Amino acid sequence: MSLAFCGNENNSLAYNVDRGVLNNGCFLDALNVVPHIFLLFITFPILFIGWGSQSSKVHIHHSTWLHFPGHNLRWLLTFILLFVLVCEIAEGIVSDGFTQSHHLHLYMPAGLAFMAGITSIIYYHNIETSNFPKLLLALLFYWVLAFLMKTIKFAKYTEHSVGLRQLRYCITGLLALLYGLLLAVEINVILGRRYLCFTEATEVKPPEDLQDLGVRFLQPFVNLLSKATYWWMNTFITAAHRRPIDLKVIGKLPIAMRALTNYLKLRKAFESQRRPLGSMPQGPKWIWRALRQAFGRPLIISITFRFLADLLGFAGPLCISGIVHHISKDNRTIQPPLLGVYFISSQEFLANAYVLAVLLFFALILQRTFLQASYYVAIETGINLRGAIQTKIYNKIMRLCTSNMSMGELTVGQICNLVAIDTNQLMWFFFLCPNLWAMPVQIIVGVILLYYLLGISALIGATVIAVLAPVQYFVATKLSQAQKSTLEYSSERLKKTNELLRGIKLLKLYAWEHIFCHSVEETRGKELTSLQTFALYTSISIFMNAAIPIAAVLTTFVVHVHISEEADLSPAVAFASLSLFHILVTPLFLLSSVVRSTVKALVSAQKLSEFFSSDEIGDEQEPNATINHNNKYQAVVSTQLSHNVLRTLCFLELVESVVITSGYFTWTDGTPTLSNINIKVPFGQLTMIVGQVGCGKSSLLLAALGEMQRVSGTVTWNMMTDSEGEQYCIPGQAVVSCFHCVYLGRKRGSVAYASQKPWLLNATLVENITFEMPMIKPRYKAVIEACSLQPDIDILPQGDQTEIGERGIILSGGQRQRIGVARALYQQTNVVLLDDPFSALDIHLSDHLMQEGICKLLREEKRTVVLVTHKLQYLPHADWIIAMKDGTIQTEGTLKDIQNSDPKLFEQWKTLMHRQDGEFEKSMTVLERKNLRRAMYSKEAAKTEEEHEEESVESEEDDSLSQAMRHRTTIPWRSCGVYLSSAGLLLPLLLLSQLFKHTLMVAIDYWLAHWTSHVITAKMDECGFSHSWYLSVFSVLCCLGIVLCLVTSVAVEWTGLRVAKELHHNLLSKIILAPMRLFETTPLGNILNRFSSDTNTIDQHIPATLECLSRSTLLCVSALGVISYVTPVFLIALVPLAIACYFIQKYFRVASRDLQQLEDSTQLPLLSHFSETVEGLTTIRAFRYESRFRQRLLEYTDANNIASLFLTAANRWLEVRMEYVGACVVLIAAVASISNSLYNHLSTGLVGLGLTYALMVSNYLNWMVRNLADMEVQLGSVKRINGLLKTEPENYEGLMAASQVPDGWPRQGEIQIQNLSVRYDTTLKPVLKQVNAHISPGQKVGICGRTGSGKSSFSLAFFRMVDMFEGRIIIDDIDIAKLPLQTLRSRFSIILQDPILFSGTIRFNLDPEMKATDDMLWEALEIAQLKPVVKTLTGGLDAMVTEGGENFSQGQRQLFCLARAFARKSSILIMDEATASIDMATESILQKVVMTAFADRTVVTIAHRVHTILNADLVIVMKRGIILEYDRPQALLEKEDSVFAAFVKADK
C-alpha cells in the first residue's frame, strides 16, 4: 500500500482546495506541524550545545535549583498534553485503517507534537535548574503558535459540522485548551519573574535547604516527574554499590521535615485548643484533634492518591474484558468522510483491542505511580509525626515532677515504651490510614462491576469473601495473642541464657553446664509450643489468603452456570471476574491489620494523653521583693548597670547563696517530707549537711533546686544584706565578685550537682567530666588529680577517650561516683552541691577528695559548696553546718556555735568522729581497678583478635575493598543452604507442595480458558452447550487447589519451626561445650544477641519471608511461563526486561540493607538518650542544661528520621521501577496476544488467560525483590549463628571412661605437678613455664604473686580450663589429662573471686544436682555462718534468690559460695582470691572455716592479701609464670631477701 502525506486515492478529497485552503483537512493538519518544527529547531542547539557541556554539573550541584511560578501546574498540563497526543496518534492510526492508502497527516503532526511536548519539558527543566528565565521566550512563541493553529483547526471542524460524536473533534478542542493553559502558565512566569517587558527582573534565591549542600534528601525540591519516579535516587542507590551508606552519605534533613519544625507545628495545634481560661483539655480526643490539625493535609493528599490508584486499578479487568470481547467478534462500520478524511467515534476507537492495550498500559503506569505516591506521602507524614511526638514527650520529660519518677508512677521503662512503641503505633496508623478510607470504595466498586459482569451470582461470590473476613480478623487476634505468650517465654529463656553465660566459668568448673543447659532447653520447649500455636495461626492466615479467591471464583461460577443455562460465560466475563476477585480480596486481607493498627493507635493515644497530663514542676517563684519582671530574659553586664546599683552592691556585707524561709516541701500530696525549713547557705563557703539516714538531707538539696513540690515558704537564690540589714535579691546566676562584674539573670542559675546515685552519659570519660564545657587542660588535670582518677584512666584501653557505656556499665560504684564528683568540680558554676560523694569511696580516696578537691580546689575559687555527708570526721573543715533530724532542721551554725548551743549533739559527733580504719576500705580501690583491668583485658583480647584477623585478610587480598563490595552484592546462598538443610525431611515436602500448588493454580486457570473458549465456539456454531463436564473438572481442580494451599502453608511454617528448633539446640549445645577462651574474647552481648534477636528472626520472621518470597517468585515464573506459552514472541521481549529487573534488584538490595541497618543503628542512641535523660533529670535541671539536651535529642531524632525517609524512598524507587516493568510486560503480552489472535486465530480464552497472568506479574515483581532484600538481611542471623556453630568444643572425652575412675577419687588429695607449662590458646605465649610442685594430702597451700604472675592460671590448670601443652598434673596417682572432663571437674570444689548466684531457690544454688540431703545443706550453711540468715527467710532452703543474688550482700554471696563448695565434700578445695571482695569480719569467718571444716582436705588458696596465707603449711610465690619461692611461710619470712617477706611488709 502506497504512502503519502494526504493519501493517494484517485477520488481523494484530500487535495481538493476548491472551497479555500483552510477548508482542506490535510492542509489544516500540515499547518499544525509548523509550531512543533519551530520548537524542535530553536531548542535543539540550545539543549545540545548549551547544556550538553555542563549538564553533569547542573545535576550534581543543586544549589541553583529553583521552581518558576506555576511549576507543578506546567508539569501536570504537559503530562495531560502528552497523553492526549498519544490518543490523537492512536485515533489517527485507527481512522487510517478505514482507507485504502495511508494518510500520514492523520497521525504525523500528532507524532511531531508529542516530540515537541517532550522537548518543551526537557528544555524548561534545564532552564529552571540553571535559573536562566530569558530563554523561556522560545516556549512562549511555541505556545502562542500551537494555540492559534489548534484553535483554527477546531473552528474549521465546527464550521463543517464535525461534532462531539467524532473523537478527533473532542481531542482537537482539548488540545487547544491545553495549549491555551500552558500559554497562561508561561505568561504567569513573565509576570512573576519580570524577565520580559520589565526594567528590573525579580531576583529569586533557591530554597534555604538547597543552598546547604549537606541536604541530600531532594524529594521535596525536584520536579514532578522525578518526584513520581524517584529519579533523583538513582545516583544515590547506584553509589551504594561503591561505598556503604552512612550518616555522612545521607546528609541532613530538609528544614520542613526536621523534628523541630514538626514539633512547632504540633505545638501550635495543641495551643489552638487551649480553653479560654488557659487550661489544656484532657483525654486522647485533643491529641487526635491536634494531630489532625498539624498533619491532616498531607494525609488527605495521600488518601486522594489512593482513591485515584484504586479506581485506576479497575481498568485492568475492564480492559481485559474489552480486549477479549472485541477479538471475539468483527465489528467494522464504514462512515462517509468529512473534510476528505474519515472521522471515527469514541465507541469505534475504544472497540479497537490495540487501543485498549495501550490504555491499559497507561492506566497501570498511572495507577502504580499514584499508589506509590500515596504510600510515600503517608509514610513521610507518619515519620514527621513520630519526630514531633518524640520531641513533645522529651520536652514533657524535662518538666516532669521528680516525685512521679521516685514514687514509681512513671518508670524509665514506661517512658521508653512511649517513645519506642507508642509513637511507632501512631506512625503505623498514619501509614495505614489511607487504606481505612480506600477499602470501602474498592469493595463497593468491585462488587458493582462484578454484578455488571455476572449478575446475581457475583453477589454470592462476594458474600463468600465477606463471610470469611471476620474469620481473618479472628485469626489475626489469635496471632497477636500467640505472639505475646511467645514473647513471655522467650524473655524467660533469655534471662536463663544470660545467667548461664554470666556464670559459665563457675558452671564449667563445677561441671554443671548440662543442668543449666537442660533448664534453658525446658523453657525453649515451652516457647516452641507457643511458637507452634503462632505457626498454626500463621499458616491458617496464609491458607485463607490463597484459598478465599479460589473458593469465591468456584462458588460464583457454579451459581452462575446453574442459575441459567443461557448464562454468558465468555472468556471476557470469566477472566475479568477472576481479576476483580483478586482485587476484591486485597482490602479484606488488609482489614485485619488495619483494624488491629487502629485499636493499638487508640490505646497509644490514651497512654500519651495520660503522660502529657502528669504533674510538672512549677517554675521557682521568686520573692516579690525586688524583682523586675519586665524582661524575663534580661542579662545585664556591669558596664550597663547604673552607678547607683554598683554603689549599692559595693556596700553589701554578707551574701547568701540560698535562703529558705518557712519551707514546707513534699514529694506527694500528703504529709510534707520537709517541715519548717529555715536555712541560709553562706556565699563562697563550705556548708555541710549532716544527719541520720533518711532524715531528708538529699531532699533538702532537691528542694533548693526546685525539684520538690513546695507547699509553702520561699526559696531565694543570691540574697544580699547590707550593713543596715536591708535585703536585696539578685535573681541571677550569682555574684562573681562585688568589684568586678555582676550578672543579673532570671531565677537560679546553673548549679553543679553530683547526685547520690552517680549519673553517667553513654559517652567518653572525658565528655562525662567536661559535660558540654570547653576543655581547659590545667583545670581538667587538677580535677582528675583531686578525684584520684588517673590510675583508673591508665587502665582503660583508650584512656579518658574510652566509651564508658550506658550507665557507666564497665565501671564500679566508686569509679562512677568519682566521675560524677569530677564533673561537679570541673564546672565553673558558683554553687556546687555534692550529695554524699564519699558513700562508695574508701577512706584514703575520701580524704584525698576532701583535701584536694573540696578544701583546696573549690575553696580557692571561692565557690559556694553544700556537702551532704555521713563522714563526721570532716566537720572541722566546714564553715557552716546544718544538722537535720526527721525532715526538720535540728540546728545550724559553725561547729563552735553548735558546741556552745547543743553540747550533747557535739559530744555525740565527737565520738563518731574518731574513725575506725578498716583494712577492708584500703583494699576496695585496688580491687575495683583489678576488676576493671580484667574487664578491659577480655575486651582488648577480643579487639586484637579481630584486628589480627582483619590484618591477615588484608595481607591476603590487596584489593580488600572491592572484595568487600563484591561480598555485599552477593546473596548469602551458603546461609540459605544452612537454613534449608536444617529442615531435614520437611524440605522436599515444602518444595514439592509449592510446585504442585502453583502448577495446579495454572491448571485451574487454563481449564477456565479452555472451557470459556468452547462456550464461544458453541455460540458461534449456534449449537447447544453443556457446562456440567467442564464445571465438575473445574470444581475438582479448585478443591485440590484449596487442599494444596493448606498443605503448603503448613509445610512452610512447620519447616520454619523445625529449623528454629534445630539451630537453637545446636547453638546452645556448642556454646555450653565451648572453651572458656571464647567467653573471654567475645563480648557477652554478642553471644547473647545470637540467642535473642537472631533466634527471634529465625523463629518468627524468616518463615513468613520465605513463604512470601517463594509464592511471589513462583507466581512470577508461572505467569511468565503462561504468557510465553500463549505468545512465544513474548520471550524475545522478556530478555531486556529480565536484564532491567536484574540490575534494579541488584542495586536495590545493597542500598536497602545498608539503610535498614542505618535505621536500626540510629534508633539505639535515640532511645538511650531518652532513658539517660529520665535517669539524670535532676542533674540536667540543676545544671540548667535542658536546651543542650533538647538540641541533642533533635539531632538523634533527625538522624533516625532521615534514615527512615531514605529507606522509604528506596522502597518506592524499587516499586515504581518494578511496576513499570510489569506494565511493559502487560503491554507486550497484550499486543502480542491480540496479534496472535487476529492473525493466527489464537483462542480468546488463552488471550484472557495470558492477560490475567500478565497483570499478576506487575503485582508480584516488586514483592519478589522486596522479599529477596528482606531475606538477605534475615539470613544474616543464620550466618552469625553458623559462625558460632563452627566453634571447636573442649575435648570432653578422656583416655579413661567415667566408669574406670574410682568412686571416691580423689580420696587423699595428693597433688604432684611435673614440669607443667600452660597457655590460654595455641596462638598465645605460655602463662606457666616448667612448673614443678608437690602438695601432700590435707596440706593448706597459699599461692601469691603480683597481678599477671600466673596465680589464677595455676588454679585453672587443675580443671583443664587452659591448654596444658607440656608436663602433667597427677592427683592421687591418676594423670588428670586421661580423665573425661565432666568427671574431673565434678570431683573438685572451687570458690571464685566473684561470687556467683543464680536465680532460683537457695537449695538449687547450693546443689543443682540435687544429690545432697537437707541436713547436709544445713550443715554447709552452718559452717558458712549463714544458717541464722537462711532460717529467717520464708521457705528456708526453698527461699528464692533473685537474679545475680541481688537480695544478699556481697559478703553473704561469698559465704554462699563457700557453703556450695563445702556441700560438695570433695577432698580438694581451691580458693581463687575468694576473700578479695569481702570485709574483714567475713574474711576472718572464712579463714576459721577453712581451718576447721576443711581440716582434712587439701586447700589451695590464691591470695589477694598476703596475710590470709600466713597460717598456710606451704607458700608458693610466683612471678611471670615460674615459681620464685616454695617453702613454709615462717621459713620465707626469716629470709631477708625473700619476696614473700617483702609482700607481707607492704601489706601491713
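Please give the solvent-accessible surface of H1507 in Å², to the nearest 10, using a probe radius of 1.4 Å with every protein chain present.
60
Please go through region 514-610 and write out the GluC sites (Glu not before Pro) that DSSP classes as loop and that have at most 12 other C-beta atoms within 10 Å.
E565, E566
How many percent of the alpha carbon pairs in region 1386-1444 exceed a separation of 15 Å?
Summing the P(r) of region 1386-1444 above 15 Å gives 54 percent of all pairs.
What figure, in Å² to the nearest 10, do you get for the accessible area of V94 with a 1.4 Å probe and non-protein molecules left out?
About 20 Å², ignoring ligands and nucleic acids.
Over the Cα atoms, compute the radius of gyration (one decimal) and Dmax (the largest Cα-Cα distance, rounded to a whole number) for region 1073-1209, in Å.
Here Rg and the maximum Cα pair distance are 24.1, 78 Å.
Want the number for K777 to Y1526: 0.36 nm per residue separation, take away the alpha-carbon distance, what's left?
The span from K777 to Y1526 would gain 264.7 nm if fully extended.
State which entries of K495/K1351; K268/K392; K697/K781; K1070/K1279; K757/K781 exceed 22 angstrom in Cα-Cα distance in the structure shown.
The pairs that break the limit, which is 22 Å between Cα atoms, are K495/K1351; K697/K781; K757/K781.
May I ask you to order 901-912, 535-546 by the average number of other C-beta atoms within 10 Å around their residues, highest value first?
535-546, 901-912
Can you work out the base-10 log of I(q)/I(0) for region 74-173 at q = 0.15 1/Å, using the Debye formula on its C-alpha atoms alone?
Those come out to -0.70, one per q.
So how many Å³ per residue does the convex hull of the Cα atoms of region 1209-1355 work out to?
Looking at region 1209-1355, the number lands at 296 Å³ per residue.
Would you list which lysines come within 20 Å of K134, measuring only between C-alpha atoms, while excluding same-chain residues fewer than 8 positions from it?
Within the straight-line cut-off, K134 pairs with K205.
Send over the Kirkwood Rh of region 833-877, from the inverse of the averaged 1/r over different Cα pairs, rounded to one decimal Å.
For region 833-877, inverting the mean 1/r across all distinct Cα pairs yields 10.8 Å.
Whole-Å semi-axes of region 1241-1318's equivalent ellipsoid, largest first, each the root of 5 times a Cα gyration tensor eigenvalue?
Semi-axes from the Cα gyration tensor: 71, 17, 9 Å.
What nm value, rounded to one decimal, do you get for the distance between Y473 and S1026 when each label is placed 7 Å out toward the C-beta?
4.6
Could you give me D for region 1182-1285, from Stokes-Einstein at 37 °C and 0.692 mPa s, where the hydrodynamic radius is the Kirkwood radius over C-alpha pairs? Units µm² s⁻¹, please.
179
With θ taken as phi - 60° and the coefficients 6.51, -1.76 and 1.60, list the Karplus ³J(HN,Hα) couplings across region 68-81 in order, rounded to whole Hz; mark glycine and proline as x.
Per residue, the Karplus-derived 3J(HN,Hα) values read 6, x, x, 4, 5, 4, 4, 4, 5, 5, 5, 4, 4, 4 Hz.
Compactness ratio of region 1007-1114: Cα Rg over 2.2 N^0.38 Å, N = residue count?
Here the answer is 2.02, to two decimals.
Suppose the Debye formula is applied to equal point scatterers at every Cα of region 1339-1437; what is log10 I(q)/I(0) at q = 0.12, 0.19 Å⁻¹?
Taking Cα atoms of region 1339-1437 as identical point scatterers yields -0.60, -1.09.
Over region 469-552, how many percent of alpha carbon pairs lie in each 5 Å bin up to the one with the longest distance?
In order of increasing distance, the bins hold 3, 14, 18, 15, 11, 10, 8, 7, 5, 4, 3, 1, 0 percent.
For K600, list the lysines whose Cα falls under 16 Å from its own Cα; do not include residues on the same chain fewer than 8 positions away.
Within the straight-line limit of under 16 Å, K600 reaches these lysines: K285, K478, K484.
Ranked highest first by the average count of other Cβ atoms within 10 Å around their residues, in what order do 988-994, 1490-1496 fall?
The peptides rank, most packed first, as 988-994, 1490-1496.
Please list, in order, the residues from region 416-441 whose amide nitrogen is less than 20 Å from a point placed 7 Å along the Cα→Cβ vector of L1164.
Label zone hits: 416-417, 419-421.
What are the ³J(HN,Hα) values, in whole Hz, obtained from phi via the Karplus relation 6.51 cos²θ - 1.76 cosθ + 1.60 with θ = phi - 60°, for each residue of region 815-832 in sequence order, with x given for Gly and Pro?
5, 5, 5, 5, 5, x, 5, 4, 4, 5, 5, 6, 5, 9, 8, 7, 10, 10
Amide H to amide H, which residues 5 or more places from M708 or on other chains are under 5 Å from it, using H placed in the peptide plane?
HN-HN under 5 Å from M708: A703.
Taking Cα pairs under 8 Å and at least six residues apart, what relative contact order does region 1319-1442 come out at, in percent?
Relative CO of region 1319-1442 lands at 19 percent.
In region 1260-1329, which trypsin sites (Lys or Arg not before Pro) are in a loop and have at most 10 other Cβ atoms within 10 Å, using DSSP for the loop call?
K1286
The values are calculated or read from the model by the stated rules, or taken from the named source; none is laboratory data. Not measured: the values here are computed from a predicted model. We place every Cβ from the backbone using ideal geometry, glycine too, and count neighbours over all the protein chains shown. To get the accessible areas, we keep the full protein, side chains included, count just its heavy atoms, and leave off ligands, DNA and RNA. Shrake-Rupley method; radii C 1.70, N 1.55, O 1.52, S 1.80 Å.
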